[in-house]
Every structure is written in C-alpha cells, then in structure tokens.
Amino acid sequence: MSVRITSAAQSVAREAAAFAAGVDSYALMRAAGEVTAALLLRRIPELRERGALVFTGTGNNGGDAWVVAGALARAGCPVSIDALGEPKTENAKQARAESLAAVDAAARANWPAVIVDGLLGTGTTGEAAGEAAQAIVRINELGARGTPIVAIDVPSGLDASTGGGGTVVHAQHTCTYGTLKRGLLLRRDEAGAIHVLDIGLGHHADLTDGAPQLVDADWVRRAVPPIPSDAHKGVRRRLAIVGGGDGMAGAPMLAARGAMRSGIGMVQLLVNPNNVPVVQAALPETMAARWPVTAEDQERVLSWAHVLLIGPGLGRTAMTRALVERLLVAWRGPVLLDADALNVFEGEPRTLGSLLGARPAIVTPHPVEAGRLLRIPVATVLERRFDVGAELAKTLGATVVLKGPPTIISSPDGRVAVSAAGAPTLGTAGSGDVLSGIAATLLGQTHDPFGAATSAAWIHGRAGERAAELGSVRGSSLGDVIAALRDVWALTDVALEPPLLGALSAVGTQR
C-alpha cells in the first residue's frame with residue numbers, strides 16, 4: 001500500500017472514514033502505542049535495562065504515550081512518567097487507566113535510554129505556550145545531554161500541516177501513524193528519522209482526496225523498465241541537450257553525466273559555438289555541435305533525437321526565447337524544460353503551455369523559477385508548494401517537478417507524488433542539471449512523464465543521501481553524487497517489514 005502525504009485535516013478524514021466503517025477509535029490508539037513500543041524495543045537494546053521517560057499530554061497524543069509506557073512496563077522496562085495534566089479525552093483516560101498499574105509496578109527510569117514525546121499531536125495548531133512550552137524546553141534540555149528523543153506522530157509544537165511552530169521538540173525519531181504528515185517533510189531537522197507505522201487504518205489510509213503519494217524504491221522498480229540484455233544505443237535512446245551559453249558549458253555537461261549514469265544510449269550537446277571544443281574535450285563519450293539556429297541544423301538534430309532537454313546554462317536572452325520557441329514548434333516529441341528555458345517565459349505560463357501542446361513533457365523549476373514563471377513571490381511558492389505545482393501542471397499540460405526539499409511532482413491529470421529522498425549534498429550549483437539529465441533519460445525511454453519525473457527525483461535524492469553516507473557533506477562534491485548514481489540504480493534498498501509502511505532517514509544539520 002502506498003504512503004500518503006497528508007495535512008492534519010486529511011489525516012483526521014482518514015480516521016473518520018475508518019470510524020464510520022466500524023473501526024474502534026481506541027483500538028487505533030492502542031495499536032499506535034503498541035507498535036511504537038515494539039519498534040523502540042527492537043531499535044534500542046539498552047531500553048530494557050535503562051528504560052524510558054515518557055512525557056504525556058492531556059489529549060489523544062498523550063493517550064498514545066500512555067499506551068507506549070504501559071507496553072514498555074509490561075515488557076520489563078523501567079518507566080517514568082512526566083504528565084502535563086490529567087487526560088481530557090475518553091480514549092486518553094482509558095489508555096491511562098489500562099497502563100497505570102503496569103507503570104506503577106515498574107522500576108523508575110533514573111537513567112533513561114530514550115525520551116518519549118507525547119505532549120501535543122497532529123491536531124495542535126499555533127505555537128506551544130504555557131506548561132506545554134515549558135515541557136518542550138525540558139525535553140530538549142534532556143535531549144541536549146545525549147538522550148535520544150522519540151516523538152509520537154509529530155514533534156510537539158510542530159504544525160502537522162505547515163511545519164510551523166516556534167518552541168518545538170528536537171526529535172531524533174518520529175513515529176507517525178497511517179500517513180506521513182506534511183509538516184514532518186517541511187521540518188526534517190526537527191523530525192529526525194521518520195517511521196510511518198501501520199495501526200489498522202487499512203484502505204482508509206489511501207483515500208483519493210488529492211493527498212500525494214510517497215515515492216520509494218519500489219515505486220521506481222515499477223516505473224522504470226530494466227534494460228534488456230541485447231540493448232544497443234538506439235534501444236537506450238538518444239538525448240539532445242540544448243544549453244551551454246557563453247561561460248556556462250558546465251551545466252549541459254552535468255546534465256549529460258546524469259543521463260549517462262542513468263542508462264541513456266547516446267548524448268549530443270548543442271551549445272554556444274565557443275563551447276563546442278570544450279564539451280568535446282571534456283566528454284569524449286558524447287557528441288557536440290553548435291546551437292541549431294539554422295533550418296539545416298534543426299532538421300539534423302530533430303531527426304536524430306528521441307528526446308530533447310532544453311535549458312541548462314542556456315542564458316536568459318532574446319535569442320534563447322526564440323530558440324526555445326522554434327524548437328518546440330518544430331519538435332513534437334518528448335521534451336524536458338529546465339532553468340533558462342523556463343526563465344524566458346517569466347509571467348507567461350499559458351504561452352509556454354500552448355507551445356508544449358499535448359506532448360509528453362516535464363518541467364523542473366526550483367521555487368525561484370516557479371515564482372518567476374507564475375509571477376508570485378517565492379515565499380508564496382514555499383508556503384503553497386503542495387498546491388502550486390499541481391496548478392502549474394494543469395496550466396502547462398506538463399508534469400511539474402517542483403524541486404525541494406521535499407520535491408513535489410505533479411501531473412496535469414491530477415496525480416501528485418512526493419520524493420523525500422535527499423541530503424544537503426544536493427544543495428550546490430549544478431545539482432538540478434544532473435536531475436534534468438536523469439529525468440530526460442527516463443522520459444525518452446518510457447514516454448511516461450509522471451513515472452520518469454518521480455523516479456528521477458527519488459534516484460537523484462537517494463544519490464545525494466548515498467554521497468553523504470560515504471563521508472562529510474562539507475567534503476562531498478557533485479561528482480560524488482554523480483558517482484553514487486551507479487550504486488543507487490541497483491535499487492538494493494531493503495523492502496520494509498510490517499508494521500512499517502515507510503521510513504525516511506534523518507536529515508539535519510551536517511558537517
């Protein structure tokens with residue numbers, strides 16, 4: 001079952017659908033606490049000896065925490081409770097009543113191996129205040145001394161929909177239930193490693209209400225066909241990259257490297273005439289020629305290519321606009337537009353959409369480029385990132401990759417997916433060019449813009465993670481990310497075992 005990315009309201013709607021179908025609400029609370037306790041017992045061996053300090057709020061999040069405490073106590077772990085107050089919901093009262101005897105009988109956790117944050121949950125909005133804020137500060141002080149913090153559903157103080165919040169728990173792990181909350185993806189530094197756990201929502205967790213799906217290795221395996229044993233360079237397709245203005249030869253070369261590390265058969269770079277010898281010397285495995293400015297040049301390129309990638313390092317000039325328009329009119333095959341191929345249509349998304357027509361197409365703007373295209377502030381793009389891409393996709397009639405973190409991929413038919421793979425290693429010039437080369441390769445091989453875009457975003461992000469795993473972020477270069485693509489394409493990520501539905505590694509401040 002796919003993991004959905006939900007707002008707080010969408011999460012509540014899924015629970016309501018389950019309740020309406022006869023699922024007992026307390027059964028879900030008990031399941032949430034018990035699967036969390038089981039995960040902690042598997043992941044933290046010293047928990048049985050040193051135990052847990054559990055912070056409980058007065059709502060249902062606190063009820064989940066009481067179930068965790070009871071389950072740990074019955075497993076023989078020392079447990080201490082720091083309660084914000086008496087439970088206020090019926091389910092939380094029941095959870096406390098059923099867990100209290102076991103907790104009272106357990107030894108106290110004087111040197112806890114873990115802190116469980118069950119203060120505030122998905123339904124909390126606005127900044128934490130009063131006793132809740134004070135409790136969050138205490139949790140963070142204990143965490144700063146080296147005790148890992150595990151948040152239940154969301155770190156307390158964090159808005160599940162927007163990621164907002166001032167005083168927020170700094171968790172090393174977050175156990176969230178049924179779906180992955182938007183706010184966790186927007187504040188990965190606060191959420192730590194994220195574990196999406198099955199608590200029995202069943203098919204109700206997969207409601208088709210516009211909530212995006214999470215891309216993972218299994219998604220890529222399904223979307224990208226293997227390369228046949230008898231494949232030749234024509235079967236693996238031919239990619240033409242139009243870019244490389246004066247002083248910017250590197251951008252199309254990085255796109256070419258991304259493509260070559262992703263299975264393309266042949267690459268031709270069409271660049272500023274001054275850059276042709278540079279490209280030929282740097283990438284002997286590719287072909288290079290000048291921009292197709294004449295009808296003869298254009299015919300030669302378009303009769304050769306299976307897919308076009310236009311934009312990396314092209315430059316924002318009147319010539320760029322004319323070249324892009326001419327190519328889009330003459331070529332009706334698959335196309336990916338990036339960088340300056342989008343910038344030259346600032347404020348004119350409908351014009352660009354009419355040029356793209358009904359062809360298989362992908363555009364890959366970062367938030368600034370999306371803001372330019374739509375003539376809206378970048379802050380608005382970031383605030384509405386889960387919606388802006390979908391609106392732009394419908395206007396353009398193309399799949400939109402709104403680069404992250406997280407990266408939101410929207411299809412004009414209404415499908416939306418999220419790639420949460422990635423690391424700070426990707427925050428460097430040229431990273432987007434590599435992504436465009438990967439995506440263009442997959443587009444040419446599959447003719448499926450949504451499948452190509454989602455898979456490329458995940459592969460690119462996973463390569464960034466892999467580069468970070470091999471050393472420091474500060475000491476890594478884009479070359480390390482490109483080199484990591486070979487191993488990432490092996491798609492050896494281990495399948496998750498129940499009750500895990502999804503898992504994301506911690507991404508935070510790194511050296």
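The values are calculated or read from the model by the stated rules, or taken from the named source; none is laboratory data. Quantities reported herein were computed from a predicted structural model and do not represent experimental measurements. Backbone-built Cβ (ideal geometry, glycine too); neighbour counts: all protein chains shown.
Note on segment 155-243: enclosed helices (runs of 4 or more DSSP H) holding 3 or more residues that are within 30 Å of Arg261 (Cα to Cα) and in contact (Cβ under 8 Å) with a residue 60 or more places away in the chain are 217-223. Please enumerate the residues belonging to segment 297-328 that are of a type in the set (Gly, Ala, Ser), in contact (Cβ under 8 Å) with a residue 60 or more places away in the chain and over 21 Å from Gly430 (Cα atoms). Hit for segment 297-328 is Ala305, nothing else.
Residues of segment 500-511 that are outside any loop (DSSP other than H, G, I, E, B) and within 17 Å of the chain's Cα centre (by Cα): Leu501, Gly502, Ala503, Leu504.
Look at segment 265-293: where a residue is without any contact (Cβ under 8 Å) to a residue 40 or more places away in the chain and over 20 Å from Thr441 (Cα atoms) and a partner is among the hydroxyl-bearing types (Ser, Thr, Tyr) and surrounded by 19 or more Cβ atoms within 10 Å (Cβ to Cβ), sitting 6+ places away or on another chain with Cβ atoms under 9 Å, you get Gln280/Thr286. Which residue is surrounded by the fewest Cβ atoms within 10 Å (Cβ to Cβ), if the candidates are limited to segment 182-225 and must be charged (D, E, K, R) and closer than 17 Å to Gln172 by Cβ? By that ranking, first place goes to Asp189. Selection of segment 106-132 for residues being hydrophobic (A, V, I, L, M, F, W, C), closer than 25 Å to Val12 by Cβ and crowded, with 16+ Cβ neighbours inside 10 Å yields Val116, Leu119, Leu120, Ala128, Ala132. Do we find that Ala135 is in contact (Cβ under 8 Å) with a residue 60 or more places away in the chain and surrounded by fewer than 24 Cβ atoms within 10 Å (Cβ to Cβ) in this structure? Judged against the criteria, Ala135 is not a match. Annotation: of all residues in segment 449-492 being surrounded by 14 or more Cβ atoms within 10 Å (Cβ to Cβ) and among the polar types (S, T, N, Q), the one that is nearest to the chain's Cα centre (by Cα) is Thr454. Which of the residues spanning segment 244-258 are within 23 Å of the chain's Cα centre (by Cα) and either without any contact (Cβ under 8 Å) to a residue 40 or more places away in the chain or over 15 Å from Ala288 (Cα atoms) (or both)? Selection gives Gly258 alone. Restricting segment 417-436 to residues that are among the hydrophobic types (A, V, I, L, M, F, W, C) and crowded, with 22+ Cβ neighbours inside 10 Å, the residue that is farthest from the chain's Cα centre (by Cα) is Val434. Looking only at residues of segment 285-301 that are surrounded by 14 or more Cβ atoms within 10 Å (Cβ to Cβ) and among the hydrophobic types (A, V, I, L, M, F, W, C), we find that the one that is farthest from Asp246 (Cα to Cα) is Val301. Filtering segment 270-294 to residues that are in a strand (DSSP E or B) and under 35 Å from the mean Cα position of the chain (by Cα) leaves Leu270, Val271, Met287, Ala288.
Inspection of segment 346-354 identifies no residue that is modelled with pLDDT under 95 and of a type in the set (D, E, K, R).
Hey, does segment 43-61 have a residue that's over 21 Å from Gln172 (Cβ atoms) and surrounded by fewer than 23 Cβ atoms within 10 Å (Cβ to Cβ)? Yes, that holds for at least one residue. Of the helices (runs of 4 or more DSSP H) that lie entirely inside segment 47-144, those containing 1 or more residues that are in contact with a Leu (Cβ under 7 Å, 6 or more places away or on another chain) and either closer than 21 Å to Ala32 by Cα or of a type in the set (Val, Ile, Thr) (or both) span 47-50, 60-74, 130-144.
Could you list all residues from segment 85-105 that are of a type in the set (A, V, I, L, M, F, W, C) and surrounded by 22 or more Cβ atoms within 10 Å (Cβ to Cβ)? So that I can check it myself, show each step before the final result.
If we filter segment 85-105 for residues that are of a type in the set (A, V, I, L, M, F, W, C), which is where we start, we get 92, 95, 97, 100-103, 105.
Ala92, Ala95 - these are the residues of segment 85-105 that are of a type in the set (A, V, I, L, M, F, W, C) and surrounded by 22 or more Cβ atoms within 10 Å (Cβ to Cβ).
Filtering segment 191-214 for residues that are at pLDDT below 95, out of contact with any helix residue (DSSP H, G or I) (no Cβ under 9 Å at 6 or more places or on another chain) and within 30 Å of Pro112 (Cα to Cα) leaves an empty set.
Evaluating Ala495 against the criteria (1) surrounded by fewer than 21 Cβ atoms within 10 Å (Cβ to Cβ); (2) under 22 Å from Leu254 (Cα atoms); (3) not basic (Lys, Arg) leaves one unmet condition, (2).
Only a single item in (1) part of a loop (DSSP other than H, G, I, E, B); (2) crowded, with 19+ Cβ neighbours inside 10 Å is not met by Ala255, and it is number (1).
Is segment 382-395 home to any residue that is farther than 17 Å from Arg415 by Cα and of a type outside the set (Ser, Thr, Tyr)?
Among the residues of segment 382-395, at least one is farther than 17 Å from Arg415 by Cα and of a type outside the set (Ser, Thr, Tyr), which makes the answer yes.
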